[in-house]
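As structure tokens, the structure follows; a few thoughts come after it.
The values are calculated or read from the model by the stated rules, or taken from the named source; none is laboratory data. Being a predicted model, the structure only gives us computed values, none of them experimental. Heads up, the Cβs are rebuilt from the backbone with ideal geometry, glycines too, and the neighbour counts pull from every protein chain shown.
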Ligand code: ASP
């Protein structure tokens with residue numbers, strides 16, 4: 001009996017040591033509280049929890065990031081994969097990237113129309129090609145050759161995203177700034193640290209509703225929307241992509257930590273505060289370092305987000321800071 005207990009203790013501890021720490025986001029800019037019913041909020045929270053658990057079950061940070069983002073991409077609730085928003089042509093163009101902090105290897109994809117899980121395509125580029133960034137039809141052909149099934153573009157249709165398109169289209173025709181909210185923002189991301197202290201980060205997005213076809217935001221741009229290096233931190237951003245590209249936000253945060261010794265919390269907050277204030281411009285950041293420090297600042301009404309500790313303790317938040 002005593003032996004059995006010792007074995008149980010050892011196994012649980014071993015597993016605990018293997019588990020990753022993970023932080024995720026489902027986009028800055030949450031549904032206005034008035035539109036968030038308790039039932040819908042529960043769906044958001046349940047999906048974030050499922051993503052955290054899927055990532056936590058993995059033993060490397062890369063696997064954790066891919067698994068967590070995969071769950072969010074498969075949900076119609078978030079602007080990535082299944083829930084991707086429509087561009088001006090009424091089509092979807094998805095972007096994603098992933099980066100490994102130990103090797104600084106990275107993979108990025110843009111202009112996807114038929115890949116169910118863009119984050120997995122980004123990982124494929126990182127691991128199975130000699131490139132970092134691939135786009136459009138050539139990327140889809142490469143992914144298919146590598147055994148990734150392609151889906152019909154119709155798979156990505158959701159009535160909610162279509163409704164947002166019509167709302168933004170109507171507002172633009174009247175030359176109004178459409179109200180900020182999920183029609184504007186979205187994107188999912190994850191940053192993980194495994195037992196070896198290796199960081200990984202990833203981001204996946206459907207872009208911005210009613211955006212010009214061919215436009216690419218920050219999410220697939222290494223150093224802008226995604227970055228990971230073991231010495232400093234892993235980062236995934238969400239928000240007005242153009243600002244995050246111009247200010248190379250994700251790598252700027254790492255540089256603040258590495259060269260100036262800023263804390264993770266200060267580096268992320270300062271990077272966000274340093275973005276120019278433009279109408280409708282805002283966003284959020286998640287970041288994690290190898291000591292387990294987490295930062296999740298945002299400048300919108302809320303940001304879907306969650307963390308899971310090594311021992312499996314989950315916390316999820318949407319509106320509260
Ligand atoms: N950053 C994304 C983009 O610009 C959108 C978002 O995060 O909401 O494509």
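Go through the stretch 191-220 residue by residue and tally those that are in a strand (DSSP E or B) and either more than 8 Å from the ligand (Cβ to nearest atom) or closer than 11 Å to residue 98 by Cβ (or both).
Taking the stretch 191-220 and keeping what is in a strand (DSSP E or B), we get 191-193, 199-205.
Checking the rest, the ones that are also either more than 8 Å from the ligand (Cβ to nearest atom) or closer than 11 Å to residue 98 by Cβ (or both) come to 191-193, 199-204.
Of the residues in that region, 9 qualify.
Do you know which residues across the stretch 82-105 are away from the ligand (no atom under 14 Å from the Cβ) and crowded, with 24+ Cβ neighbours inside 10 Å?
Answer for the stretch 82-105, where residues must be away from the ligand (no atom under 14 Å from the Cβ) and crowded, with 24+ Cβ neighbours inside 10 Å: 98, 99, 100, 101.
If residue 137 passes every condition in (1) in contact with a strand residue (DSSP E or B) (Cβ under 7 Å, 6 or more places away or on another chain); (2) more than 19 Å from residue 75 (Cα to Cα); (3) in a helix (DSSP H, G or I) but one, which one does it miss?
(1)
Does residue 149 satisfy the condition of being within 15 Å of the ligand (Cβ to nearest atom) and surrounded by fewer than 18 Cβ atoms within 10 Å (Cβ to Cβ)?
Criteria not met by residue 149.
Just to check your reading of the model, which residue among 277, 321 is part of a loop (DSSP other than H, G, I, E, B), within 19 Å of residue 189 (Cα to Cα) and out of contact with any helix residue (DSSP H, G or I) (no Cβ under 6 Å at 6 or more places or on another chain)?
Values: 277 fails: within 19 Å of residue 189 (Cα to Cα).
Criteria check complete, one pass: 321.
Report yes if residue 112 is modelled with pLDDT of 95 or more, under 15 Å from residue 215 (Cα atoms) and surrounded by 24 or more Cβ atoms within 10 Å (Cβ to Cβ), otherwise no.
Values: modelled with pLDDT of 95 or more: yes; under 15 Å from residue 215 (Cα atoms): yes; surrounded by 24 or more Cβ atoms within 10 Å (Cβ to Cβ): yes.
Criteria met by residue 112.
Does any residue of the stretch 148-155 turn out to be modelled with pLDDT of 95 or more and closer than 28 Å to residue 194 by Cβ?
Yes, the stretch 148-155 contains a residue that is modelled with pLDDT of 95 or more and closer than 28 Å to residue 194 by Cβ.
Please verify whether residue 267 is in contact with a helix residue (DSSP H, G or I) (Cβ under 7 Å, 6 or more places away or on another chain), more than 16 Å from the ligand (Cβ to nearest atom), modelled with pLDDT of 95 or more and not in a loop (DSSP other than H, G, I, E, B), treating the condition exactly as stated.
So residue 267 passes the test.
Which of the residues spanning the stretch 221-234 are in contact (Cβ under 8 Å) with a residue 40 or more places away in the chain and within 13 Å of the ligand (Cβ to nearest atom)?
If the condition is that a residue be in contact (Cβ under 8 Å) with a residue 40 or more places away in the chain and within 13 Å of the ligand (Cβ to nearest atom), then 221, 225, 226 are the ones that fit.
Which of the following residues is modelled with pLDDT under 95 and within 16 Å of the ligand (Cβ to nearest atom): 279, 250?
Exactly one of 279, 250 is modelled with pLDDT under 95 and within 16 Å of the ligand (Cβ to nearest atom), namely 279.
When you scan the stretch 170-188, do you find a residue that is more than 21 Å from residue 283 (Cα to Cα), buried (at least 24 other Cβ atoms within 10 Å of the Cβ) and modelled with pLDDT of 95 or more, even just one?
No.
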